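Comments concern the structure below.
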Amino acid sequence: MNKALVTGITGQDGSYLAELLLARGYEVWGLIRRSSSFHTGRIDHLYKDPHEQPRLRLLYGDLTDGGNLSAIINEIQPDEVYNLGAQSHVRVSFDMPVYTVNTDALGTLRLLEAIRLSSRPPKFYQASSSEMYGKVVETPQTEKTPFHPRSPYGCAKLYSFWQTVNYREAYGLFACNGILFNHESPRRGETFVTRKITRGATRIKLGLQDKLYLGNLDAKRDWGFAGDYVEAIWLMLQQDKPDDYVVATGESHSVREFVVEVFSCLDLDWTKYVEIDERYYRPSEVDHLQGDASKARKALKWEPKVGFKKLAQMMTEADMKIADRERIIGWREKAGQ
Ligand code: NAP
Ligand code: G4F
């Protein structure tokens with residue numbers, strides 16, 4: 001049975017990747033951080049009968065602790081390591097640049113070192129990002145497009161990208177970068193713009209909230225579905241040779257278009273509810289991302305299945321259910337039940 005270690009397993013992508021690996025018969029080990037409250041909500045459904053030998057196991061660890069990463073790699077001896085763990089919020093990276101670099105840049109280096117020094121180095125996947133293209137020099141962006149990051153997060157991811165390439169070239173590790181463009185789902189963190197919009201709009205529809213405050217509506221992104229993107233991630237480690245791949249839909253839309261799509265799904269006039277709050281602007285913005293995933297389509301035989309409208313609809317429907325539960329809880333509380 002193949003063994004995989006996943007950092008960031010409690011996040012959006014970690015949860016979809018864990019589902020995929022378990023479905024393919026892997027034994028999955030997830031690295032989780034100690035927290036004062038539970039944060040395994042996205043993977044709780046993957047625990048089966050407690051009497052069965054579990055194929056999903058969780059270990060405490062952190063990308064800021066190199067000794068702990070080495071101990072885990074040596075103990076588990078995984079066949080594949082997927083490094084999805086990160087402080088992944090671009091706006092937050094301006095507030096916490098050193099913390100972001102420690103996790104997103106040095107964290108990758110710590111993990112690569114632990115792998116290099118292990119007796120049986122596993123294959124390695126690095127969660128690289130389209131944010132590395134930043135102030136883009138061409139559209140669409142491919143594996144050959146030069147990088148120009150525009151945030152501490154983008155700079156940290158670029159460092160990890162090159163260390164991954166360097167460990168492949170210097171030490172012969174099977175190490176791949178997936179340069180993933182924005183991907184979303186009903187499990188997306190609630191402070192990323194798509195989920196913030198679907199949560200806000202559905203709560204407005206049910207009278208739980210009056211307004212939705214957003215930042216730059218003109219930014220354009222190439223939004224895909226996280227469930228599709230983890231398939232590309234897995235495929236990269238199943239090839240004969242390690243390489244780097246762009247993963248994207250090839251279509252881009254503005255934040256405003258996403259707002260219009262979601263509010264129209266709910267028969268609401270968005271102009272009555274959406275207001276601009278400059279606190280959500282970034283010191284330097286990434287205006288337009290659009291990827292060309294031709295290499296992944298050809299070499300990995302990968303295709304995105306969910307497009308822009310279907311994604312917006314899927315997220316709106318899922319958040320409508322959550323808003324409805326919130327409304328019922330609100331009634332019960334008012335009724336003193
Ligand atoms: P996410 O939902 O924010 O999940 C991030 C995960 O990283 C969480 O499990 C988090 O744990 C964990 N983490 C944070 N700091 C850590 C640390 N110091 N040590 C170990 N784990 C840590 O992110 P995502 O959307 O799933 O993205 C997965 C990866 O892909 C990230 O590296 C992200 O930067 C990258 N990426 C994402 C996109 C996208 O559009 N989603 C695009 C390109 C690249 P807690 O639950 O404890 O916070
Ligand atoms: O949803 P976002 O916060 O995602 P962003 O910055 O593109 O980063 C995401 O995608 C990257 C891949 O390119 C990942 F590497 C990264 O980890 C993360 O998953 O913002 C998207 C756009 C930005 O231009 C932002 O300025 O939406 C704009 N925006 C407008 N109003 C907002 C808001 N973003 C957020 N988070 N909140 C707003 O109120």
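Taken over the range 152-181, the criterion of being of a type in the set (Phe, Trp, Tyr) and more than 12 Å from ligand 2 (Cβ to nearest atom) is satisfied by TYR159, TRP162, TYR167, TYR171, PHE174. For a quick check of your reading of the model, give me the residue pairs whose first member lies in the range 273-300 and is over 24 Å from VAL136 (Cα atoms), whose second is open to solvent by less than 70 Å² (accessible area, probe 1.4 Å) and basic (Lys, Arg), with beta-carbon atoms closer than 6 Å and at least 6 apart or on different chains. Between residues of the range 273-300 that are over 24 Å from VAL136 (Cα atoms) and residues that are open to solvent by less than 70 Å² (accessible area, probe 1.4 Å) and basic (Lys, Arg), the close pairs are TYR273/LYS211; GLU275/LYS211. Filtering THR191, THR145, THR202 for residues that are modelled with pLDDT of 95 or more and touching a His at 6+ places or on another chain (Cβ under 9 Å) leaves a single hit, THR191.
Scanning the range 162-185 for residues that are away from ligand 1 (no atom under 16 Å from the Cβ), part of a helix (DSSP H, G or I) and open to solvent by less than 20 Å² (accessible area, probe 1.4 Å) returns VAL165, TYR167.
Residues that are free of Cβ contacts under 8 Å to residues at least 12 places away in the same chain and aliphatic (A, V, I, L, M) within the range 171-191 are absent altogether. Taking the range 102-128 as the range and being within 14 Å of ligand 2 (Cβ to nearest atom) and either among the charged types (D, E, K, R) or open to solvent by 10 Å² or more (accessible area, probe 1.4 Å) (or both) as the test, the residues that pass are THR103, ASP104, ALA127. Within this structure, ARG91 fails the test of being closer than 14 Å to GLY8 by Cβ, surrounded by 15 or more Cβ atoms within 10 Å (Cβ to Cβ) and either among the β-branched types (Val, Ile, Thr) or touching a helix residue (DSSP H, G or I) at 6+ places or on another chain (Cβ under 9 Å) (or both). I'd like to know if the range 50-62 contains one or more residues that are of a type in the set (S, T, N, Q), at pLDDT below 95 and farther than 24 Å from ALA156 by Cβ. There is at least one residue in the range 50-62 that is of a type in the set (S, T, N, Q), at pLDDT below 95 and farther than 24 Å from ALA156 by Cβ.
Screening LYS241, LYS301 for residues that are loosely packed, with under 15 Cβ neighbours inside 10 Å and in contact with a Phe, Trp or Tyr (Cβ under 9 Å, 6 or more places away or on another chain) leaves exactly one candidate, LYS241.
Taking the condition within 15 Å of ligand 1 (Cβ to nearest atom), more than 15 Å from LEU84 (Cβ to Cβ) and surrounded by 24 or more Cβ atoms within 10 Å (Cβ to Cβ), does TYR159 pass?
Details: within 15 Å of ligand 1 (Cβ to nearest atom): yes; more than 15 Å from LEU84 (Cβ to Cβ): yes; surrounded by 24 or more Cβ atoms within 10 Å (Cβ to Cβ): no.
Against the criterion (within 15 Å of ligand 1 (Cβ to nearest atom), more than 15 Å from LEU84 (Cβ to Cβ) and surrounded by 24 or more Cβ atoms within 10 Å (Cβ to Cβ)), TYR159 does not qualify.
Of the residues making up the range 204-218, those that are in contact with a Lys or Arg (Cβ under 9 Å, 6 or more places away or on another chain) and either assigned to a helix (DSSP H, G or I) or open to solvent by less than 40 Å² (accessible area, probe 1.4 Å) (or both) are ILE204, LEU206, LEU212, LEU214, GLY215, LEU217.
In the set (1) open to solvent by 40 Å² or more (accessible area, probe 1.4 Å); (2) hydroxyl-bearing (Ser, Thr, Tyr); (3) not in a helix (DSSP H, G or I), the condition left unmet by THR249 is number (1). The helices (runs of 4 or more DSSP H) found wholly in the range 34-138 and carrying at least 1 residues that are within 25 Å of HIS183 (Cβ to Cβ), in the same structural domain as ALA18 (by TED's automatic domain parsing) and in contact with a strand residue (DSSP E or B) (Cβ under 7 Å, 6 or more places away or on another chain) occupy 107-116. Being acidic (Asp, Glu) and near ligand 2 (Cβ under 10 Å from one of its atoms): is that true of GLU184 here? Yes: the conditions hold for GLU184.
The values are calculated or read from the model by the stated rules, or taken from the named source; none is laboratory data. For clarity, every value in this text was computed on a predicted model and none was experimentally measured. With ideal geometry, Cβ positions are generated from the backbone for all residues, glycine too; neighbour counts draw on all protein chains shown. The area values use the complete protein model at the heavy-atom level, side chains included, leaving out ligands, DNA and RNA. Shrake-Rupley method; radii C 1.70, N 1.55, O 1.52, S 1.80 Å.
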